[in-house]
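Here is the structure we will look at.
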Amino acid sequence: MRLIMMGTGPFGAPTFRELFDTHHQVLLLVTGPVRPASGRAAPPASPMRDIAHEHGIPIFAPENINTPEAQAQLAACGADLLIVCDYGQILSAQTLATARLGGMNLHGSLLPKYRGAAPINWALYHGETETGVSVIHMTPEVDAGPCVGQVRVPIHPDETAVELERRLAEIGAWLVRRVLDNMEAGQLEALPQDPSQASKAPRLKKEHGLIDWSRPALAIKNHVRAMEPWPKCYTYWLRPNGEPLRLILGPVQVLPPEKYPKAEPGTVLAVEPDLLVVSAGDGPVGITCVQPAGKKMLPARAFWCGYRIQPGDRLGSG
């Protein structure tokens, strides 16, 4: 088949590479426009663009894929199928129709759960112990098309969003290839999603990283795992003799409650050699490292030595 790959983020890179190990013809990469990051002379690295350059594939990066001009360029390729993964724009019905068979989308969840831009992050945030990847035949409604392939995987208890995304991306590449094989063999089964089971995974915002210390200790650990690599989890040290200081949190451990006194959520309970111990909603958590605003990440003990946070001090929303 003649394929157009559509992807911008790193989640689509293993799938893009996998297509070149098939007998299918990759015609074009459609990706997001290059925008240099703030304060940087060069644009950020793009694995998708690197793969296209490696294989001599042309790149198309429109600001809006749904304009008549962009649609005309897609249609001129004469593609059989659009392969979409982590692209960043919603495709209209007219854009999907530029390929003979429409589009297939690889999504990082067990659809219909976690429809949206950040399925991996929100699965971790909500404490899921299982997730997976799904391939759907695309419709104009976001992540709502019939499912043509799905793989379930367990989530490791300390896995971050970065680690889980990397693992799911590789599994997804295999799944896309299997879906293409089944399609060519006429063995593709499309199962409609149950909308009553749908949940949302909206795009992350900076405020999603703010810790609510009244939540259970395990929920706080999951929150920290979920907000990697951005926006990261943060709180404020409500200093007794100064302005609140913003702190980005490193990995968090759930600690046995019987070892520490009970206190209001957000209370610093102890400073140990490797942990800053803080009270959560149902018991203590241990923070392994802390990054004060404008500074580098510090091990818990080094943070104490430099800033002298004390048991009884409070962490909160500022």
Exercise. Picking from H23, I171, L238, whose Cα lies most toward the positive end of the charge dipole for the chain (charges on Cβ: Lys, Arg +1; Asp, Glu -1)?
Worked result: L238
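Just subtract the alpha-carbon distance of T67 and R167 from 0.36 nm times their residue separation and send over the number in nm, one decimal.
Extra length from T67 to R167 when fully extended: 32.5 nm.
Based on DSSP H assignment, which helices of the chain show an axial Cα extent of at least 15 Å together with a mean Kyte-Doolittle hydropathy greater than or equal to -0.5?
161-184
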Exercise. If eta is 1.306 mPa s and T is 10 °C, what Stokes-Einstein diffusion coefficient results for segment 182-276, Kirkwood Rh from Cα pairs, in µm²/s?
Worked result: 94 µm²/s
Exercise. How much length is gained on full extension from L101 to H23, taking 0.36 nm per residue of separation minus their Cα-Cα distance?
Worked result: 26.3 nm
Problem set entry | In nm, spacing of pseudo-spin labels at S317 and R215 (7 Å Cα→C-beta vector) | 1.3 nm
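So what is the relative contact order for segment 90-234, in percent, with contacts set as C-alpha pairs under 8 Å and at least six apart?
For segment 90-234, the relative contact order is 30 percent.
Quick one: net charge around R177, please, counting Lys, Arg +1 and Asp, Glu -1 for every other residue with C-beta under 10 Å from its C-beta.
Result for the local shell: -2.
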Exercise. With each label point set 7 Å from Cα along the Cα-Cβ vector, what nm distance links A198 and T288?
Worked result: 3.8 nm
Exercise. Considering the zone a paramagnetic label at R246 would reach in this model (a point 7 Å from Cα along the Cα-to-Cβ line), which residues of segment 263-305 have amide N under 17 Å from it?
Worked result: 290-298
For this session: Report Rg/Rh for segment 2-197, rounded to two decimals, where Rg is the Cα radius of gyration and Rh the Kirkwood radius.
Result: 0.95
Exercise. Taking a point 7 angstrom from the Cα of K296 along the C-beta vector, which residues in segment 211-236 have backbone N less than 19 Å away?
Worked result: none
Exercise. Per the helix-only calculation at 222 nm, which mean residue ellipticity applies to the chain, given -39500 (n - 2.57) for every DSSP H run of n ≥ 4 and division by its residues, nearest 500 deg cm²/dmol?
Worked result: -7000 deg cm²/dmol
Exercise. In segment 2-197, what percentage of the DSSP-assigned beta bridges are antiparallel, given to the nearest 5?
Worked result: 45 percent
Exercise. Based on the Kirkwood radius over alpha-carbon pairs, what is the Stokes-Einstein translational diffusion coefficient of segment 64-124 at 20 °C with 1.002 mPa s viscosity, in µm²/s?
Worked result: 169 µm²/s
Problem set entry | Net lengthening on full extension, E184/V142 (0.36 nm per residue, minus Cα-Cα) | 12.6 nm
Exercise. What is the set of long-range amide H partners of G281 at a cut-off below 5 Å, with H atoms built 1.01 Å from backbone N?
Worked result: R215, A217
For this session: Calculate the spin-label point distance for Q310 paired with Q94, positioning each point 7 Å from the Cα along the beta-carbon direction, and give it in nanometres.
Result: 6.8 nm
Seminar exercise, completed: Note: probe point = Cα of L191 + 7 Å toward Cβ; backbone nitrogen < 20 Å; residues of segment 96-114 passing the test are 104-114
Exercise. Which residues' amide hydrogens lie under 5 Å from the amide hydrogen of H24, considering only partners 5 or more residues apart or on another chain, with H built in the peptide plane?
Worked result: none
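Each reported figure results from applying straightforward, stated rules to the coordinates on display, with no laboratory input. What you see is a predicted model, and the numbers here were worked out from it, not measured in a lab. In this analysis, Cβ positions are derived from the backbone assuming ideal geometry, glycine residues included, and neighbour counts consider all displayed protein chains.
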